[in-house]
Amino acid sequence: MDHQVKYLLQESELPRQWYNVIPDLPSLPPPPLHPGTHEPVGPDALTPLFPMALIEQEVSPERYIAIPEPVLDVYRLWRPTPLFRARRLEKDLGTPARIYYKYEGGSPAGSHKPNTAVPQAYYNKAEGITRLTTETGAGQWGSALAFAGAYFGLEVKVYMVRASYDQKPYRRILMETYGAEVVPSPSTTTNYGRSVLAATPDSPGSLGMAISEAVEDAATRDDTKYSLGSVLNHVLLHQTVIGQEAIEQMGMAGESPDIIIGCTGGGSNFAGLAFPFLGRNFRDGAKHRIIAVEPEAAPSMTRGVYAYDYGDTAKMAPVAKMFTLGHDFIPEPIHAGGLRYHGMSPLVSLLKENGYIEARSVHQRASFAAGVQFARAEGILPAPEPTHAIRAAIDEALIAREAGEARVILFNLCGHGHFDLAAYERYLDGSLEDFEYPAERVADALESLPKV
């Protein structure tokens, strides 16, 4: 079909396994360390936070891990997700490039996040846990876990970064509709939150702070475990249904992507799309070029250092080797709240350090300009986070135009922007600001790295 724009898989073609990139890596990632002793962390050290099934997935040497039937039953509510050819955007750009995007915004929570929220809730329920705590930035992860908690009958408490709590009230309302309790972080409900408020009563919060509060909450109750929406290996593992579906759908289109693009905050949606394609690079000698795009206001891979650092501000989570801006990093209140994290997934960081992926950063206004251009051409309003990927996809399409080359570009549109209209309003009326993380603040934050 010369004009086909949708490539759809049937429910029977839903992936039955998650793909684990670790067995295909040329070198293994450095081990996580205990935040107190700085010794390698064994599975037992993680049991206060996670159920054993997820701990086993975190360190699994198996290339494929079976998806439980109860998880597949929930996935079928929205998966497989569609792959689109962005023909109108191509025409708008006057490019010979062929642009495709995998759309994850049709899930109940409106993003890719339920791909891991559902299995995390399932495994916790199976081990007798009745309550989960978590953090959320933009609210997409909190919405996803609240949805999954409702489905499996779990109580959920969400520590939402204060800047996003104020910017995105409809995300909070969605979480509460699903039955979750939502508090702004830093909050008055944990010792760590109270200590931050005592020192800085007007703190905008950060994902590092919210993680500290959620970890403290979980570690002090026997009925509670902690759920993380990005960064960790098992989270990225669950997201690989995205890339596995995309490989099949690109085959339906008779294409193989030259360039694969995803936005990055902690790494989950990027890894979900990119890791199955990277597996083909490692195993089969494929030549997919892969680009991770982050905000200029939180540029861990482009401005940070590759080093061991704490995963949270209070130094309670394991210490991981990653690209980091320092765990004390407090980002400016940009509207891409899901990308406002000080570090990057250890697996994504390892790939960047070894040159298997590229990284670039873009400003807030440039990303919103791309989001508006995309919405006017393709009709879907993107969340602020994937506008960073759209910006890079447009830039690569324009480079292809200048070169006169019909490159194939694939990016992940990881969520819709229906709860982000206030941010679009600010962009459209000219009041949206760019934030660039100052070099001196980078240097100051990196002074606090653990001496490992």
Approximate spin-label separation Arg283-Glu405, in nm, with each point projected 7 Å along Cα-to-Cβ: 2.7 nm
field: Centroid-to-centroid separation of region 50-91 and region 1-46 [C-alpha atoms, Å]
entry: 9 Å
- line: Once normalised by the length of the chain, the mean sequence separation of its alpha carbon contacts under 8 Å that are 6 or more apart gives a contact order in percent of 19 percent
message: How large a share of the accessible area of the chain, in percent, is made up of carbon and sulfur atoms when the probe is 1.4 Å and the other protein chains stay in place?
response: 51 percent
- prompt: What's the extension gain from Arg87 to Ala375 if we count 0.36 nm per residue and subtract their Cα-Cα distance?
  reply: 102.4 nm
For region 232-318: relative contact order, % (alpha-carbon pairs under 8 angstrom, 6 or more apart): 28 percent
Accessible surface ranking that places the most exposed of Val319, Val5 first, with a 1.4 angstrom probe: Val5, Val319
message: Just to verify a number: FRET efficiency for Ser448 and Tyr356, C-beta to C-beta distance, R0 = 35 Å, to 0.05?
response: 0.75
task: Determine the distance separating the Cα centre of region 105-145 from the Cα centre of region 229-243; give it in Å without decimals.
output: 12 Å
- line: With the charge dipole of the chain built from beta-carbon charges (+1 for Lys and Arg, -1 for Asp and Glu) about the Cα centre, the Cα from Leu145, Val235, Ile65 projecting farthest to the positive end belongs to Ile65
message: With the crude spin-label approximation of a point 7 Å out along Cα→Cβ, what separation in nm comes out for Phe435 versus Tyr170?
response: 2.2 nm
field: Heavy atoms of Thr188 accessible to a 1.4 Å probe, total area in Å² rounded to 10
entry: 100 Å²
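Considering only the other residues whose Cβ falls under 9 Å of the Cβ of Ile211, what net charge follows from Lys and Arg at +1 and Asp and Glu at -1?
Charge balance near Ile211 sits at -3.
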query: Applying 1/(1 + (r/R0)^6) with R0 = 22 Å to the Cβ-Cβ distance of Gln17 and Glu56, what FRET efficiency is obtained, to the nearest 0.05?
result: 0.90
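At 25 °C and a viscosity of 0.890 mPa s, what translational diffusion coefficient does Stokes-Einstein give for the chain, taking Rh as the Kirkwood radius over Cα pairs? Give it in µm²/s as a whole number.
Numbers: Rh = 21.6 Å.
Using the Kirkwood radius from Cα pairs, D works out to 114 µm²/s.
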query: Dipole magnitude of region 50-134 about its Cα centre, charges +1 at Lys/Arg Cβ and -1 at Asp/Glu Cβ only, in debye to the nearest 20?
result: 580 debye
message: Restricting to Cα pairs below 8 Å that are 6+ residues apart, what does the relative contact order work out to for region 181-237? Please round to a whole percent.
response: 25 percent
task: At 7 Å along the Cα-to-beta-carbon direction for both Asp44 and Lys315, put a label point, then send me their distance in nm to one decimal.
output: 2.5 nm
query: Taking a probe of 1.4 Å, how large is the accessible area per residue of the chain, in Å²?
result: 36 Å²
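The values are calculated or read from the model by the stated rules, or taken from the named source; none is laboratory data. Small disclaimer: the values here were computed from a predicted structure and weren't measured. Glycine also receives a Cβ, built like all others from the backbone with ideal geometry; neighbour counts cover every protein chain displayed. Remember, those area values only see protein heavy atoms, side chains included, never the ligands or the DNA or RNA. Shrake-Rupley method; radii C 1.70, N 1.55, O 1.52, S 1.80 Å.
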